[in-house]
Amino acid sequence: MDHWNAIETHPASPIKALFDTNPDRVERLSFEQSGIYFDFSKTHMDSDLLEKFTDLARARDLAGKIEALTTGAIINTSEGRAAEHTAERGIGDETSVHHARLLRSRMQALVHAIDAGALGEIEYIIHLGIGGSALGPELLLEALKLGDEKYETAVISNIDGCALEPVLERFDADKTLIVIASKSFTTAETFLNASSVLGWMREQGVTDPFGKVVALTANPEKALEWGIDESRILPFAETVGGRYSLWSSIGFIAALTLGIEVFDDLLAGAAEMDRHFQSAPLHENIPVIAAFCDQYYSQARGCETRAVFAYDERLRLLPVYLQQLEMESNGKSVTSEGKPLGRHSSPIIWGGVGTDAQHAVFQLLHQGTHLVPTEFLAVKEPGHSLSEEHHRGLLLNCFAQAAALMAGQTSDDGNRNYPGDKPSVTILLDDLDGRKLGALIAFYEHRTFVNAMLLGINPFDQFGVELGKETANALLAGGGTMMDPSTEILKSRAFTA
Ligand code: F6P
């Protein structure tokens, strides 16, 4: 019997029964790292299943793959390069770590210079970028801002002018810094937004708009060509993938707005998780256990989605961030060798915030026909100073949902029957600061990596996005290209009066 077969035919007991037969279940399936408590006990994981996954991981040489990732080996085989996001936090190939450090010093120097007024009086920052060049920075700002920041910020990604226009109406052009974040420095949405912002600055009488532009990119030549002064170009390594880039200069707006110390803490927290990932044995390795659970539900239980609910407004962007991280990394149907995968790759990640989601989508989690492994995130320390009732209510609601999903409740009235045995993972942070957020995001990166290694796919390319871009370019270029009849009619309806 092969390893997958052993997992897929594993005779899983109901979660409640697993608790009954193993009094120390919580201790064995919960872990603490960098001020974050991870509880996997409300899943179907048991020691036998863990063993089967460990066998699969060994057969896949997971330990060797972790080593390869964290030492700068060429792990992104389709693009012939390493994936060096950990080097940004000081873990990896020595030369790359050194290089990342030099680039970070450059970023720090620019942060200090702007703080000291080198670019004139700055009150507003517009960060332009999309995908990995926006989701990470925005998550950091949302999660870690305290409300007393020196700069007012806006992260604009969409080509839809409805995103940018209100910001231009609100900000004072004279006091605005423009940050263009693009690894490739070619992304259409980002550059249309950039030219609109520069146009707005000119209209508002700013004499040298380019003098207020900072570029964050792995393609500094292109930024130079575009007209940005070398002193305001913050490069990062080509080996840092877009969705793994918030640790690099892409995080500039967070370093500038939240402070260099917060950014350093973020990197330090991520490095702690990196070291745990490198050194913990597989059966105690938190990203590895999480990936084992993911694979169990995808492969053995046919779950096509996973839900993530942040019981903390500050983390409301986490599900969206994870959608790119996991779905762009692992939404593949061929193996690293180009062969058909033959099984599900990334689940569809969706989610929202608690308690709001309880009153909207939890019906399906409790009684729907889909089994949805669910992840609950909460933070021990509140992010506000209102009465204790708010936070107590928030946390207890979070724990109650996970408990109810697992326990269920039988009733003769089908409408009121709760089947239970619905799995969840709970992640409880001591508080929300740079260090914990860094460790949390690094946990998700490594979990995504382990999932990919178990499946045998390359998580670091994203060829799937190309066809849509090419098609959009063909439509934008006009000419004679005829599309399918449906698309032609949509075009003519949209663009004729
Ligand atoms: O189209 C997908 C993608 O390439 C993502 O992988 C990336 O994060 C995003 O677009 C933005 O790309 P860039 O940083 O090169 O502008």
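A few notes on this one:
- Residues of the range 33-57 that are in a helix (DSSP H, G or I) and of a type in the set (A, V, I, L, M): Leu49, Leu50, Leu56, Ala57.
- Those residues of the range 58-70 which are touching a residue at least 24 places away in the same chain (Cβ under 8 Å) and either in a strand (DSSP E or B) or open to solvent by less than 30 Å² (accessible area, probe 1.4 Å) (or both), in sequence order: Leu62, Ile66, Leu69, Thr70
- Test: residue in the range 169-185 that is at pLDDT 95 or above, of a type in the set (Phe, Trp, Tyr), buried (at least 16 other Cβ atoms within 10 Å of the Cβ) and within 13 Å of the ligand (Cβ to nearest atom): yes
- The set of residues in the range 11-43 that are charged (D, E, K, R), free of Cβ contacts under 8 Å to residues at least 24 places away in the same chain and either on the phi > 0 side of the Ramachandran plot or open to solvent by less than 70 Å² (accessible area, probe 1.4 Å) (or both) comprises Asp24, Arg25.
- Long-range neighbours under 8 Å by Cβ, at least six apart or interchain, first residue on the phi > 0 side of the Ramachandran plot within the range 158-185, second in a strand (DSSP E or B) and within 16 Å of the ligand (Cβ to nearest atom): Phe185/Ala215; Phe185/Thr217
- Candidates Arg243, Arg275: the one that is away from the ligand (no atom under 16 Å from the Cβ) and either open to solvent by less than 30 Å² (accessible area, probe 1.4 Å) or outside the structural domain of Lys469 (by TED's automatic domain parsing) (or both) is Arg275.
- Residue among His366, His370 that alone is over 14 Å from Glu313 (Cβ atoms), open to solvent by less than 40 Å² (accessible area, probe 1.4 Å) and more than 23 Å from the chain's Cα centre (by Cα): His366
- Among residues of the range 109-152, those that are open to solvent by 20 Å² or more (accessible area, probe 1.4 Å), within 13 Å of the ligand (Cβ to nearest atom) and not charged (D, E, K, R), counted: 3
- Checking Lys422 against (1) buried (at least 17 other Cβ atoms within 10 Å of the Cβ); (2) in a helix (DSSP H, G or I); (3) of a type outside the set (A, V, I, L, M, F, W, C); (4) touching a residue at least 12 places away in the same chain (Cβ under 8 Å), the condition it does not meet: (2)
- Matching residues in the range 196-227 - criterion: being out of contact with any helix residue (DSSP H, G or I) (no Cβ under 6 Å at 6 or more places or on another chain) and part of a strand (DSSP E or B): Val213
The values are calculated or read from the model by the stated rules, or taken from the named source; none is laboratory data. These figures come from a predicted structure and were not determined experimentally. Cβ coordinates were reconstructed from backbone atoms using ideal geometry, including for glycine residues, and neighbour counts include every protein chain displayed. Protein only, heavy atoms only, side chains kept; ligands, DNA and RNA dropped before computing areas. Shrake-Rupley method; radii C 1.70, N 1.55, O 1.52, S 1.80 Å.
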